[in-house]
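**Student:** What follows is a single structure, and I will ask about it in a moment.
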Amino acid sequence: DAGVEGADSGASESSPEGFMTTRQMRQLGEVTVHFTTVPGNGGEKKVIDVSAANGFFQRIVPPDYPEPMGGPDDDLFLVAEDMDFDDTDDFRVMQMIPATAIFPYYYWLWQPGLDQFAYHEPYESLGSPVFEDYRITAPFRAGAALWGEDTFTVFEDVPELERKEQWEVEADTE
C-alpha cells in the first residue's frame, strides 16, 4: 500500500503520536491526514491515515517520509491538487529535505472507481512539479551552472516528455 495542499489549508497539530493536518479535497470534503507510527513486523512503521467526515478512511504505508520542515502545514511537504487532470484532488508528500530547491515527492492519485488513493510511482521523477493546463512542468539542475525545465503531457497517468529547455547560468564578471 504505498497520499494533501488543498484549496483550503486547515488546522494542524503535532503530538508524540505524530502530526495531523486538515484540508479540503474536492472528492471528500474536509480531510484529516495523520502521519504517525504503528506497531509492525520488526518494530514500528510510519503510516499516513487519511480520513473524512463522510466515514472515508484509508491507511497508507509510504516508502518513507521526513518530518516536515516548517510544521504539518508546510505547503512544500504536503500538497493536494489535481495531478492527473481528472477534476479530483490527489496528493503528494515530500520524500526528503533536499540540498537543492527542487523537491522530490511520493505521489498518491485518487481512484474514483475504487474510492481510494493509489501510490503512483511514475510521477516520482518529477521534482517541484507544476500541474497546469493538462501539462506538467518540472525544473531540473544538471550542475552548478546548468538549469532547465521539462514539460510533460500525461498519457494514461504516465508523464511523457514533450519539451526540454535548458540554460547555462553565467556569472556576472567584468
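**Student:** Working out 0.36 nm times the residue gap between LYS45 and VAL158, then minus their Cα-Cα distance, what length gain in nm do you get to one decimal? Walk me through the intermediate numbers first.
**Tutor:** Working: separation 113, 0.36 × 113 = 40.68 nm, distance 2.90 nm.
Using 0.36 nm per residue and subtracting the Cα-Cα distance, I get 37.8 nm.
**Student:** Also, quick follow-up: For the range 23-146, list log₁₀ I(q)/I(0) at each q in 0.09, 0.11, 0.18 Å⁻¹, using the Debye formula over Cα point scatterers of equal strength and ignoring solvent, two decimals each.
**Tutor:** -0.27, -0.40, -1.04
**Student:** At q = 0.14 Å⁻¹, what base-10 log of I(q)/I(0) does the Debye formula yield for the range 95-174 when every alpha carbon is treated as an equal point scatterer in vacuo?
**Tutor:** Debye output, listed in q order: -0.56.
A short reminder: the numbers here are calculations on the coordinates, not readings from a lab. Just so it is clear, the structure is predicted and the values come from calculations on it, not from any experiment.
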